[in-house]
Structures are given as structure tokens and as C-alpha cells.
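Where a number appears in this text, it was derived from the coordinates with a stated rule and is not lab data. Only a predicted model underlies this, so the values are computations on that prediction, with no experimental measurement involved. Backbone-built Cβ (ideal geometry, glycine too); neighbour counts: all protein chains shown.
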Amino acid sequence: MQNTNSIMDMCFILEKKYNMETKRLYIRYFQENDWKDLLEYLSCKEIYIYEPGDIIDEDKAKEVCKRRAANTDVYAIVLKENNKLIGHISFNQTEPLFANTWEVGFIFNPKYQNCGFCTEALKEIIERAFVEDKVHRIIGHCNPENAASWKVMEKAGMEREGRLRKNIFFKQDSNGKPLWIDTYEYGILNKYET
Ligand SMILES: CC(C)(COP(=O)(O)OP(=O)(O)OC[C@H]1O[C@@H](n2cnc3c(N)ncnc32)[C@H](O)[C@@H]1OP(=O)(O)O)[C@@H](O)C(=O)NCCC(=O)NCCS
């Protein structure tokens, strides 16, 4: 049996503190003054069709930006040509830590969707995580009906690993009964690992 100490020694806790760049995008951490751009898209109803949550107001946008600016779990995706925040990609380590696995999630401003921006940013985040941070595995989840989401993951090299049946709900019916939905699970392994 593997002893607990050796497993604990294998915990991969990253202090992610670097910015990235692609052809069209800056990928950086949040700043408190990002709130206006964040509000622009998190106040759009269509963002929440497959996501939990509801539209936010100015105070909430400021609060979210303040929290994100103090952490490194969400990347701000910024358009180089006008320095505008157009979306975000969360990148969080999953439990157990010794599995060295990270989960991605993403939301982009509808005005800037379907231009390949999320895919461009996600590819870079995955590459840097594998090359520089020696992450073992990256996963993502989405509603099977959310084609934009699973297409992004596939374009970034992730593979569909399964369909979880009615494993989650974000809404309830008028009687309080959960409206269960299925989930696709996607994953990609570090190809540089030997
Ligand atoms: C998912 C999301 C982040 C993708 O961002 P994006 O920058 O538009 O992504 P990309 O442009 O890189 O790629 C989107 C792909 O989905 C396709 N797509 C978009 N809407 C689609 C739809 N309704 N049906 C089928 N395909 C669709 C696009 O055509 C494109 O594929 P293509 O390059 O093969 O043409 C964005 O749609 C979004 O913010 N959605 C709302 C929040 C959300 O659901 N997040 C995911 C939660 S799991």
C-alpha cells in the first residue's frame, strides 16, 4: 500500500503567475478595472443558457473583478487590437491534488463569439500548462446541447471521454423538482510526459 506521505509529496500545487500571448490575444490575470468589460457580457441573458447563474449588475461585476484580481484561477482574455476584455477561461486544479489534473471553463462576450477566440486562447493555455507547468491532464465539462462549448474543446485537442447521465441540474421546475441534465466530459493528456 502506498503511504500517505509519498502521495502528499506528489501534490502539484502551481503558483501560476505568468501572462501569455497569441496572435490576436493577450491572456493575463484579471484586474479590478476590468469590471466594465466583464459586465458587458455577464449581463447578457444568452450567456446563461447552459450555465448556472443569472445576469449580474455593476456592483457584482466590480466584486467579481476584485476577487479574480486577487487570485490566479481565471484568465482574462483580451483582444490585442483594442485592449478589450472579451471573455475569460477558468483554470482550476481538481481534487485529489496528486492527480495533477486541471479543469477549464469558459465564457465569451457574444459580440466576439464564433471568431475562434476561445479556441485560440484555450490552445495556448493547454500548451503552456503541459510544457511549463508539467500538468498531467486537463478536463472540461459541458451540456451535450452546448455545441459551441464541445466544439471549442475538440478544436483545442480535447477528446470526449464520456457522457454522464442526468448528473447535474441548474434549474428546478415549478414544484421544486430538479431539471436534471447530462454532461459531456472531455479530457486531454500531456503528450510531453515520458
Ligand atoms: C462556448 C464559448 C465560450 C465559445 O466561444 P467562441 O470564442 O465563440 O468559440 P470559437 O469561435 O473558438 O468556436 C466556436 C465554435 O462553435 C461553433 N458554434 C457556435 N454556436 C454553435 C451552435 N449553436 N451549433 C453548432 N456549432 C456552434 C462555431 O461555429 C465554432 O466552430 P467552428 O470553428 O467549427 O465554426 C461561447 O459560445 C460562450 O461564451 N457561450 C456561453 C457560455 C457557455 O456556454 N460556456 C461554456 C460552458 S460549458
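Ranking Ile125, Ala61, Gln172 by how far each Cα lies toward the positive end of the dipole of the chain (charges on Cβ) leaves Ile125 at the top. Taking every alpha-carbon pair under 8 Å whose residues sit at least 6 apart, the chain reaches a relative contact order of 18 percent. Residues Thr22, Thr194, Thr101, arranged from fewest to most other Cβ atoms within 10 angstrom of their Cβ, appear as Thr194, Thr22, Thr101. The modelled label-to-label distance for the pair Lys166/Lys23, using points 7 Å beyond Cα in the direction of Cβ, is 4.6 nm. In the chain, the C-alpha radius of gyration followed by the widest Cα-Cα span (Dmax) gives 17.6, 56 angstrom.
Mark the label point 7 Å from the Cα of Asp182 along Cα→Cβ and return the residues of the stretch 139-153 whose backbone N is within less than 12 Å of it. Output list for this probe position: 143-146.
Rounded if a/c is under 1.5, else prolate if a/b beats b/c, else oblate: with a ≥ b ≥ c from the C-alpha gyration tensor eigenvalues square-rooted, which is the stretch 110-149? Here the stretch 110-149 falls in the oblate category. Each label was represented as a point 7 Å from its Cα along the Cα-to-Cβ direction; for Lys60 and Val131 these points are 3.8 nm apart.
Taken one residue at a time, the phi angles of the stretch 181-194 give Karplus couplings (6.51, -1.76, 1.60, θ = phi - 60°) of 10, 7, 9, 7, 10, 10, x, 8, 9, 6, 6, 8, 5, 9 Hz. Gly and Pro are set to x. Working from label points 7 Å from Cα in the Cα-to-Cβ sense, the Glu40 to Glu81 distance is 1.3 nm. A simple charge model with +1 on the Cβ of Lys and Arg, -1 on the Cβ of Asp and Glu and nothing else charged puts the dipole of the chain at about 260 debye relative to its Cα centre. Computed from the Cβ-Cβ distance with R0 of 35 Å, the FRET efficiency linking Glu32 to Thr194 stands at 0.25. Relative to one another, the C-alpha centroids of the stretch 63-90 and the stretch 116-138 are positioned 16 Å apart. Positive-end ranking of Ile77, Ala156, Ile139 along the dipole of the chain, with charges on Cβ about the Cα centre, is headed by Ala156. Straight-line reach from Lys23: taking Cα to Cα under 26 Å and skipping same-chain neighbours fewer than 8 places apart, the lysines in range are Lys36, Lys80, Lys84, Lys111, Lys123, Lys134, Lys151, Lys155, Lys191.
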